[in-house]
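*Asks:* The structure that follows is given in the form of structure tokens.
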Amino acid sequence: MKLLVINPNISNDVTSLIESEARRSASPGTELVVRTAGHGVEYIETRFESLIAAGAVAEIIAEYTRDGASVDGVVVAAFGDPGMPALKELADVPVIGITEAALCAAALQGHRFSIIAISDRIRPWYLDCVERFGLAGRLASIRSINESLNGIGSVQQDFKETLLALSRQAVAEDGADVVILAGAPLAGLARELAGQIPVPVVDGISAGIQMAQSVVNLQSGPHRASAFAPPPVKARKGLSKNLDAALTTAQHATRLPAPSH
């Protein structure tokens with residue numbers, strides 16, 4: 001199995017965190033291709049920044065699907081899932097966001113879950129994501145760091161005790177059955193804190209890799225109709241060569257063969 005793992009942020013140090021946790025989580029024999037967004041922001045906190053990142057992610061997916069899939073699945077490795085679920089329309093393989101993967105993993109392990117985030121500003125966008133997945137009624141809380149970050153790649157080291165305290169508060173005060181450590185900058189931290197928090201702790205990157213592998217193994221088939229079918233054929237201009245070719249490939253795949261007589 002070959003998975004394309006995309007960091008929608010432009011931070012290479014965050015990509016390193018993603019890759020390390022992804023390789024720890026992948027099954028033997030799973031090949032990972034890890035890429036960083038070619039344009040965008042250091043780390044995504046808002047809906048508009050997510051909008052910018054979505055285009056960067058689409059370009060990378062297009063690069064690997066323009067002439068037919070050269071990967072078996074895609075993991076969008078930023079909490080908030082920039083471009084999702086629209087990116088499912090572009091690729092002929094499963095495209096899994098780490099938010100949807102983490103929420104599914106949390107829902108399987110408890111009734112109410114809390115999200116631990118790296119900033120107060122990011123919370124409205126995360127709430128939108130939970131509501132879009134229809135799980136708002138199971139959200140116990142979103143707790144977040146309310147201090148300035150020294151650097152996105154050092155959040156774990158700089159705020160480890162704060163993140164641990166927020167996680168414990170989510171359990172004791174909010175009634176969380178599961179804690180989700182949100183965001184690629186926290187990749188791998190769940191392994192370190194799991195024994196210090198009295199409920200299951202979900203890592204988005206780990207969940208994304210595991211869920212992507214599972215969905216690929218299900219071999220359920222591609223979208224050819226309904227909500228996630230490729231966009232219809234129409235005039236377009238100004239797209240990159242890769243994106244234009246990927247759309248053509250996706251649209252061609254929806255043409256069903258004529259019935260035999």
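*Asks:* Can you tell me which of (1) closer than 18 Å to Arg47 by Cα; (2) surrounded by fewer than 19 Cβ atoms within 10 Å (Cβ to Cβ); (3) among the charged types (D, E, K, R) is the one Glu89 doesn't meet?
*Replies:* Evaluating Glu89 over (1) closer than 18 Å to Arg47 by Cα; (2) surrounded by fewer than 19 Cβ atoms within 10 Å (Cβ to Cβ); (3) among the charged types (D, E, K, R) leaves (1) as the failure.
*Asks:* What pairs come out if I take residues in segment 54-66 that are farther than 9 Å from Asn242 by Cβ and free of Cβ contacts under 8 Å to residues at least 12 places away in the same chain and pair them with residues that are in a helix (DSSP H, G or I) and of a type in the set (Ser, Thr, Tyr) whose C-beta lies under 6 Å away, six or more apart or interchain?
*Replies:* none
*Asks:* In this structure, does Asp72 turn out to be on the phi < 0 side of the Ramachandran plot, among the charged types (D, E, K, R) and either in contact (Cβ under 8 Å) with a residue 12 or more places away in the chain or crowded, with 18+ Cβ neighbours inside 10 Å (or both)?
*Replies:* yes
*Asks:* Considering only segment 166-222, state which residues are closer than 30 Å to Ala37 by Cα and touching a Pro at 6+ places or on another chain (Cβ under 7 Å).
*Replies:* Ala212, Val215, Val216
*Asks:* Another question about this same structure. Which condition number in (1) in a loop (DSSP other than H, G, I, E, B); (2) within 17 Å of the chain's Cα centre (by Cα); (3) more than 18 Å from Asn242 (Cα to Cα) is the one that Ile96 fails?
*Replies:* Evaluating Ile96 over (1) in a loop (DSSP other than H, G, I, E, B); (2) within 17 Å of the chain's Cα centre (by Cα); (3) more than 18 Å from Asn242 (Cα to Cα) leaves (1) as the failure.
*Asks:* Ile118 passes all but one of (1) hydrophobic (A, V, I, L, M, F, W, C); (2) in contact with a Lys or Arg (Cβ under 9 Å, 6 or more places away or on another chain); (3) within 13 Å of Gly183 (Cα to Cα); which number fails?
*Replies:* Ile118 satisfies all of (1) hydrophobic (A, V, I, L, M, F, W, C); (2) in contact with a Lys or Arg (Cβ under 9 Å, 6 or more places away or on another chain); (3) within 13 Å of Gly183 (Cα to Cα) except (2).
*Asks:* Among the residues that make up segment 148-164, is at least one of them closer than 26 Å to Ala26 by Cβ, out of contact with any Ser or Thr (no Cβ under 7 Å at 6 or more places or on another chain) and crowded, with 20+ Cβ neighbours inside 10 Å?
*Replies:* Yes, there is a match, as at least one residue in segment 148-164 is closer than 26 Å to Ala26 by Cβ, out of contact with any Ser or Thr (no Cβ under 7 Å at 6 or more places or on another chain) and crowded, with 20+ Cβ neighbours inside 10 Å.
Any read-out appearing in this document is the output of simple, stated calculations on the displayed coordinates, not a laboratory observation. Values in this document were obtained by computation on a predicted structure and should not be read as measured data. Neighbour counts run over all protein chains shown; Cβ positions are idealised from the backbone, glycine included.
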